[in-house]
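Below you'll find the structure, written out as C-alpha coordinates, and then a few comments.
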Amino acid sequence: MHKSLSQWIRRFHNIFGKQQQNSTITALPDDYLFPALQIAASLADQICEAVEEGGQSPMPGSDWIDSIVVITDGSSPLSSGERAAGCDVSNNIRVEILPSLLFNTADSNN
(Lines give C-alpha, C1' and ligand atoms only; values in the text may rest on other atoms or scores of the structure.)
Protein backbone atom coordinates (compact mmCIF):
# COMPACT_ATOMS: atom_id res chain seq x y z
CA MET A 1 0.00 0.00 0.00
CA HIS A 2 1.37 3.44 -0.95
CA LYS A 3 0.34 6.73 0.71
CA SER A 4 1.91 10.13 1.04
CA LEU A 5 3.36 10.81 4.46
CA SER A 6 0.76 13.51 5.05
CA GLN A 7 -2.07 11.01 4.35
CA TRP A 8 -0.48 8.48 6.69
CA ILE A 9 -0.26 11.04 9.52
CA ARG A 10 -3.82 12.34 8.97
CA ARG A 11 -5.25 8.83 9.02
CA PHE A 12 -3.84 8.13 12.49
CA HIS A 13 -4.91 11.54 13.76
CA ASN A 14 -8.47 10.91 12.55
CA ILE A 15 -8.65 7.44 14.11
CA PHE A 16 -7.39 8.62 17.50
CA GLY A 17 -9.71 11.63 17.42
CA LYS A 18 -12.75 9.39 16.84
CA GLN A 19 -11.64 6.93 19.52
CA GLN A 20 -11.14 9.71 22.06
CA GLN A 21 -14.59 11.20 21.32
CA ASN A 22 -16.21 7.81 21.78
CA SER A 23 -14.04 6.95 24.82
CA THR A 24 -13.23 3.64 23.14
CA ILE A 25 -9.50 3.70 22.61
CA THR A 26 -8.60 0.28 21.26
CA ALA A 27 -5.13 1.21 20.06
CA LEU A 28 -2.79 3.29 22.17
CA PRO A 29 -0.54 5.99 20.72
CA ASP A 30 2.41 3.79 21.74
CA ASP A 31 1.18 1.29 19.13
CA TYR A 32 2.20 3.81 16.49
CA LEU A 33 5.61 4.67 17.94
CA PHE A 34 7.35 1.73 16.28
CA PRO A 35 5.94 2.43 12.78
CA ALA A 36 6.77 6.14 13.20
CA LEU A 37 10.34 5.22 14.12
CA GLN A 38 10.51 2.87 11.13
CA ILE A 39 9.43 5.74 8.90
CA ALA A 40 12.01 8.09 10.43
CA ALA A 41 14.82 5.54 10.04
CA SER A 42 13.79 4.73 6.46
CA LEU A 43 13.62 8.42 5.61
CA ALA A 44 17.10 8.99 7.05
CA ASP A 45 18.40 6.04 5.01
CA GLN A 46 16.80 7.43 1.83
CA ILE A 47 18.35 10.87 2.39
CA CYS A 48 21.81 9.39 3.09
CA GLU A 49 21.56 7.20 0.00
CA ALA A 50 20.56 10.16 -2.19
CA VAL A 51 23.47 12.24 -0.87
CA GLU A 52 26.10 9.49 -1.05
CA GLU A 53 25.12 7.90 -4.35
CA GLY A 54 23.68 10.76 -6.33
CA GLY A 55 24.97 13.95 -4.73
CA GLN A 56 21.37 15.01 -4.10
CA SER A 57 19.59 16.47 -1.08
CA PRO A 58 15.95 17.12 -0.30
CA MET A 59 14.80 20.55 -1.45
CA PRO A 60 12.97 22.58 1.18
CA GLY A 61 9.45 23.51 0.17
CA SER A 62 5.93 23.81 1.44
CA ASP A 63 4.80 20.50 -0.07
CA TRP A 64 7.75 18.31 0.98
CA ILE A 65 5.56 16.01 3.06
CA ASP A 66 3.59 14.95 -0.03
CA SER A 67 6.85 14.05 -1.79
CA ILE A 68 7.51 11.27 0.71
CA VAL A 69 5.62 8.04 0.11
CA VAL A 70 4.94 5.54 2.91
CA ILE A 71 4.93 1.95 1.68
CA THR A 72 3.47 -0.83 3.81
CA ASP A 73 3.16 -4.53 3.18
CA GLY A 74 -0.43 -4.66 4.41
CA SER A 75 0.19 -6.80 7.50
CA SER A 76 -1.04 -5.13 10.64
CA PRO A 77 -1.15 -5.87 14.36
CA LEU A 78 -4.42 -3.91 14.65
CA SER A 79 -7.92 -5.32 14.87
CA SER A 80 -9.97 -5.87 11.72
CA GLY A 81 -12.16 -2.89 12.70
CA GLU A 82 -9.16 -0.59 12.87
CA ARG A 83 -7.85 -1.91 9.56
CA ALA A 84 -11.31 -1.35 8.05
CA ALA A 85 -11.13 2.23 9.31
CA GLY A 86 -8.03 2.65 7.17
CA CYS A 87 -5.32 2.41 9.80
CA ASP A 88 -1.97 1.49 8.25
CA VAL A 89 0.17 0.15 11.04
CA SER A 90 2.36 -2.44 9.42
CA ASN A 91 5.13 -4.74 10.54
CA ASN A 92 7.06 -3.85 7.37
CA ILE A 93 7.01 -0.15 6.59
CA ARG A 94 9.39 2.05 4.63
CA VAL A 95 9.42 5.32 2.74
CA GLU A 96 10.54 6.55 -0.65
CA ILE A 97 11.42 10.10 -1.52
CA LEU A 98 9.97 11.17 -4.85
CA PRO A 99 12.62 12.51 -7.26
CA SER A 100 10.83 15.88 -7.40
CA LEU A 101 11.96 16.57 -3.81
CA LEU A 102 15.65 16.10 -4.57
CA PHE A 103 18.09 18.56 -6.09
CA ASN A 104 21.70 18.16 -7.15
CA THR A 105 23.92 19.57 -4.42
CA ALA A 106 26.86 19.97 -6.81
CA ASP A 107 24.82 22.51 -8.83
CA SER A 108 24.06 24.59 -5.74
CA ASN A 109 27.75 24.89 -4.80
CA ASN A 110 28.66 26.73 -8.02
TODO: Please indicate, with yes or no, whether at least one residue in segment 30-38 is within 20 Å of D66 (Cβ to Cβ), under 10 Å from the mean Cα position of the chain (by Cα) and either surrounded by fewer than 16 Cβ atoms within 10 Å (Cβ to Cβ) or modelled with pLDDT of 85 or more (or both).
DONE: yes
Open item on the list: Return the residues of segment 1-29 that are at pLDDT below 75 and open to solvent by 60 Å² or more (accessible area, probe 1.4 Å); say none if nothing qualifies.
Closed with: H13, K18, Q20, Q21, N22, S23, T24, I25, T26, L28, P29
Task: Leading residue by the ranking (nearest to L5 (Cα to Cα)) among those in segment 45-78 that are at pLDDT below 85 and open to solvent by 60 Å² or more (accessible area, probe 1.4 Å) - done: D63
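The values are calculated or read from the model by the stated rules, or taken from the named source; none is laboratory data. It should be emphasised that the depicted structure is a prediction, and the values quoted were computed from it without experimental measurement. Using ideal geometry, Cβ is built from the backbone for each residue, glycine included, and neighbour counts are taken over all protein chains shown. Surface areas here come from the heavy atoms of the whole protein model, side chains and all, with no ligands, DNA or RNA. Shrake-Rupley method; radii C 1.70, N 1.55, O 1.52, S 1.80 Å.
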